[in-house]
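Data first, discussion second: the structure below is written as structure tokens.
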Amino acid sequence: MLDPEADEVPAADPTRVTGRRSLLYIATCLILVGLNLRTVFSSFAAVLTEITAATGLPPLLVTLLTTVPVTFLGLFAPLAPGLARRFGAERTLLGAMIVLTLGLTGRGLGAVPAMLAGTFAAGAAIAVVNVLMPGLVKRDFQHRLGLMSGLYTMSICGAAALGAGFTHPLYEATGSWQTALGFWALPAAAAALLWAPIAVRQRHARRGRIAAGPSVWRSPLAWQVTLFMVFQAMMSFSVFAWLAPTLRERGVDGGTPGTIVAVSIVLQMAGSLLAPALAVRLRRQRGVNVVVALMTGTGFALSIFGPPGGIWIWTGLLGLGQGSLTAAALTMIVLRTRDAHTAAHLSGMMQGVGYGVGSTGTLLVGWLHAATGSFAPAGFMFLTIGVLCALFGWRAGQPRFVEDDGARTV
């Protein structure tokens, strides 16, 4: 887990607690926050067919609603450390959760401008939370870092599974896609309300930033790790945005596509636990990186044009590969750096470039489908992305360090 406040002076204080119950309360809140960080992506895809049928959304707007939130993960991530220095991590997190709640509410209003504004606001809010949460976990749970890291990671995967698995049943129960989308504002509001007393009580002094630090942007190894992250992100968020519509196109009806996506995401949780445990035990991670990258690309391609009778197998392969690949990419940050400052800078580079450029995956899928009327061309695209991801994963898995590979102090 990496601390985005690693360059602050003086060092950020731990969140104020009054005992073991307070610490348990904080842990519960952080897990609840994690359970809201992916529903915006997976819930929209679960009822996309119903939304387009009811509103006649053109392909351009569908592409915007699936692509721009992912792009915002990269564009707004660099703002989080500055906001934390100015207002404190706890209050910044509270503000982001309020914006997320308002954004999810806007999606449920039904009007296209409100859907666009709400979806974009949600993407920006999640970008800030993504950056702040690892530092809060690391700062407040040093004595239980492994446990809390695992619980937080699983909560994020759980959020995607919940959005994929329960949105269509909500639509069937209410007959309203607006209600099905707007429902996800409720758990976000609950998390914000529970976190509010902690944020208000926390004392904060405005902090500065250490002037010197390593320029990871000049390191070839840092770029190899970042490009590994880029191709991972291109596949990862395409799963949330397009796997359910792909299954619908293949004849899987009703809420079954959402269930399949949810099961695939649950398998991601297993992969996200296994891959780092294996990677840290190896001097070279090349083999692990290549295998999980090819599993993901092949699994996605087979989900699109493989034999329909094996759809559960293809999506299961995709889930295991994707969870392992995401965790392997993030583990490279720790394994390819010597100190926390360089790791924090590499993490920022990976998030900014990885999510910003990685969002083109969902964009390309939408463009290919609009141009051809089929998801089949996207299958070949994911095979290519999987190979490129494996190539940079091989390079990133070499036993080297960014500090020894061209990074300079600036």
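For the reader, a short list of remarks on this structure follows.
- Relative to the Cα centre, the charge distribution of the chain, modelled as +1 at Lys and Arg Cβ and -1 at Asp and Glu Cβ, gives a dipole magnitude of about 1100 debye.
- Environment charge at TYR152 (Cβ cut-off 12 Å; Lys +1, Arg +1, Asp -1, Glu -1): +1
- Relative protection proxy for 342-348, 227-233, from highest mean packing down: 227-233, 342-348 (other beta-carbon atoms within 10 angstrom).
- Each Lys or Arg adds one and each Asp or Glu subtracts one; over the other residues with Cβ under 14 Å from the Cβ of MET97, this totals 0.
- According to the Kirkwood relation over distinct C-alpha pairs, the hydrodynamic radius of region 217-402 is 16.4 Å.
- Distance from region 225-243 to region 31-52 (C-alpha centre basis), Å: 17
- By other beta-carbon atoms within 10 Å, ranking MET154, MET133, MET234 with the fewest at the front produces MET154, MET133, MET234.
- Averaging Cα coordinates gives a centre for region 363-386 and one for region 98-147; these two points are 28 Å apart.
- For the peptides 46-55, 121-130, residues were scored by their other Cβ atoms within 10 Å and the scores averaged per peptide; the highest-first order is 121-130, 46-55.
- Helix-only [θ]222 nm of the chain, DSSP H runs n ≥ 4, -39500 (n - 2.57) each, per residue, nearest 500: -26000 deg cm²/dmol
- Close amide H partners of SER215, meaning residues 5 or more places away or on another chain with modelled amide H under 5 Å apart, are ARG408, THR409, VAL410.
- Net charge, ALA45 excluded, C-beta distance under 14 Å - Lys, Arg +1, Asp, Glu -1: +1
- With the alpha-carbon atoms of the chain aligned to their principal axes, the span from lowest to highest coordinate is 57, 46, 34 Å, starting with the largest.
- Protection-proxy order for peptides 236-243, 22-29, 391-398, each taking the mean of Cβ atoms within 10 Å per residue, highest first: 236-243, 391-398, 22-29
- Residue-by-residue Karplus 3J(HN,Hα) for region 113-124, coefficients 6.51, -1.76, 1.60, Hz, glycine and proline x: x, 5, 4, 5, 4, x, 5, 5, 4, 5, x, 5
Coordinate-derived values only; no laboratory data. Note that the coordinates shown come from a computational prediction; the quantities given were computed from them, not determined experimentally. Cβ atoms come from the backbone with ideal geometry, glycine included; neighbour counts cover every protein chain shown.
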